[in-house]
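Okay, so here's the structure we're looking at.
The values are calculated or read from the model by the stated rules, or taken from the named source; none is laboratory data. On a predicted model such as this, the values are computed, not experimentally measured, just so you know. Cβ coordinates were reconstructed from backbone atoms using ideal geometry, including for glycine residues, and neighbour counts include every protein chain displayed.
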Amino acid sequence: MEIQSRFAAMGEMLNMIAHQWRQPLASIGTVSFNLKYKLLSGKFDLETKKGRDEQLSFFSKKLDEIEFYVQNLTTTIDDFRNFYKTDKTLTNTTIENPIKNTLKIIQKDLQTNNIDIKLDFKSQSNIKIYKNEIVHVILNILKNAQDKFLEKKMKNAKIEISTKDLEKSIKIDIYDNGGKIKDENLDFIFEPYFSTKKEKNGTGIGLYMSKIIIENNHHGKIYATNIKEGVCFSIILDCM
Ligand SMILES: Nc1ncnc2c1ncn2[C@@H]1O[C@H](COP(=O)(O)OP(=O)(O)OP(=O)(O)O)[C@@H](O)[C@H]1O
Ligand SMILES: [Mg+2]
C-alpha cells in the first residue's frame, strides 16, 4: 500500500475503534458510578456479617462486569487491527451465537432504559463468519435503535430480533418501533459520515462500517426498510 492510503486506512481504523469503544466505556462509567453510589450511601450494614457478605458479593459482581467490558475494549483493538487482513480466522457457527454475544454487551443498557427486547431464533444453519465483526454490526444497529428511543423518550420501546433460514443463506431482521427513517435519508444512511445526530456527536460511521463488514468482508447484504411503526435492518449471509 502507498503511504498515503496507509494513513487513510489507519485513520479509518482508529475511527472504528473509537466508535466501538463508546458503548463499553459508557457501561464502565455506569458500573463505577453505581459502585461509588452504593459505597457512599452506606447501603450495607458493615456491623453485621450479613451486611459485609452482601457488600462483598455486590462489589465482586460489579467488578466482574467491569472486567468483562475491559476485555471487550481489548478485543475490539484486535478486531480492527485485523480488519483489512485477508488471513484472519473464520468461525463456523449459527447466527444465534454472535447475537447472544452482542446482547451480553448491551442488554443491561437496554434494560436500564426500559427497552423491551424480543428474540425469535429460527435459523439453524451453519455460517462461516468473522464472529467479532458480526458482533460489531449487530451492536451498531441496536445502539442506533436505542439512540432513537432515548431521543424521543419513547415509552413502549421495543426491539425484535429474528433469524431464519433461506435457501442457501440466512437472514437476520432487527426491527425497532421507534419511528421511520425519512424517505430522503434512506439512501444515505450507509454512507460514511452521514448522521442526523451531529449535535449529539454522531459520527455517521456506524452503518458505513457495518456495510463494509457485511458486504466486503462477508459478501453478504445489509439494508434498511421502513415497516410498521419503525425500521427494520436486514442482513443476509451465505451458508457454508
Ligand atoms: N433504527 C434507526 N431508526 C431511524 N434512523 C436510523 C436508525 N438507524 C440509523 N438511523 C439513521 O442513520 C444515520 C446513520 O447511522 P450511523 O450509525 O451510521 O451514524 P450515527 O448513529 O448518526 O452516528 P454514531 O454511530 O457515531 O453515533 C443516523 O444518524 C440516523 O439518521
Ligand atoms: Mg450509530
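Here are a few things to note about the model shown:
- Each residue in region 166-219 was checked for being β-branched (Val, Ile, Thr) and either over 20 Å from Lys131 (Cβ atoms) or not assigned by TED's automatic domain parsing to the domain that holds Ile95 (or both), and 5 pass.
- Filter result (within 16 Å of ligand 2 (Cβ to nearest atom) and hydrophobic (A, V, I, L, M, F, W, C)) within region 119-146: Val135, Val137, Ile138, Leu139, Ile141, Leu142, Ala145
- Within region 180-189, the set of residues being assigned to a loop (DSSP other than H, G, I, E, B), closer than 27 Å to Asp116 by Cβ and not charged (D, E, K, R) comprises Ile181, Ile189.
- Given (1) surrounded by 15 or more Cβ atoms within 10 Å (Cβ to Cβ); (2) more than 25 Å from Ile141 (Cβ to Cβ); (3) within 26 Å of the chain's Cα centre (by Cα), number of the condition Asn34 does not satisfy: (1)
- Looking across region 194-214, the residues that are more than 11 Å from ligand 2 (Cβ to nearest atom) and under 18 Å from the mean Cα position of the chain (by Cα) come down to Lys211, Ile212, Ile213, Ile214.
- The single residue among Phe149, Phe233, Phe190 that is within 15 Å of ligand 2 (Cβ to nearest atom), farther than 19 Å from Gln23 by Cβ, buried (at least 16 other Cβ atoms within 10 Å of the Cβ) and of a type outside the set (A, V, I, L, M) turns out to be Phe190.
Let's see how each residue does on (1) closer than 18 Å to Ile77 by Cβ; (2) assigned by TED's automatic domain parsing to the domain that holds Thr75; (3) away from ligand 2 (no atom under 16 Å from the Cβ); (4) among the aliphatic types (A, V, I, L, M):
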position: Met16; (1), (2), (3), (4): yes, yes, no, yes
position: Gln23; (1), (2), (3), (4): yes, yes, no, no
position: Phe33; (1), (2), (3), (4): no, yes, yes, no
position: Lys38; (1), (2), (3), (4): no, yes, yes, no
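- Here region 152-163 is the region considered, the condition is being surrounded by 16 or more Cβ atoms within 10 Å (Cβ to Cβ) and of a type outside the set (Gly, Ala, Ser), and the residue that is nearest to ligand 2 (Cβ to nearest atom) is Ile159.
- Scope region 108-118; condition within 16 Å of ligand 2 (Cβ to nearest atom) and within 15 Å of the chain's Cα centre (by Cα); matching residues: Asp109, Leu110, Ile115
- Strands (runs of 3 or more DSSP E) contained entirely in region 76-167, each with at least 1 residues that are within 16 Å of ligand 1 (Cβ to nearest atom): 116-121, 158-165
- Boolean, Phe190 is within 8 Å of ligand 1 (Cβ to nearest atom) and either acidic (Asp, Glu) or in contact with a Lys or Arg (Cβ under 9 Å, 6 or more places away or on another chain) (or both): yes
This table checks each residue for (1) under 25 Å from Asn113 (Cα atoms); (2) at pLDDT 95 or above; (3) assigned to a loop (DSSP other than H, G, I, E, B).
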position	(1), (2), (3)
Ile172	yes, yes, no
Gly178	yes, yes, yes
Lys211	no, yes, no
Thr225	yes, yes, no
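- Qualifying residue in region 76-85 (condition: at pLDDT 95 or above and not hydrophobic (A, V, I, L, M, F, W, C)): yes
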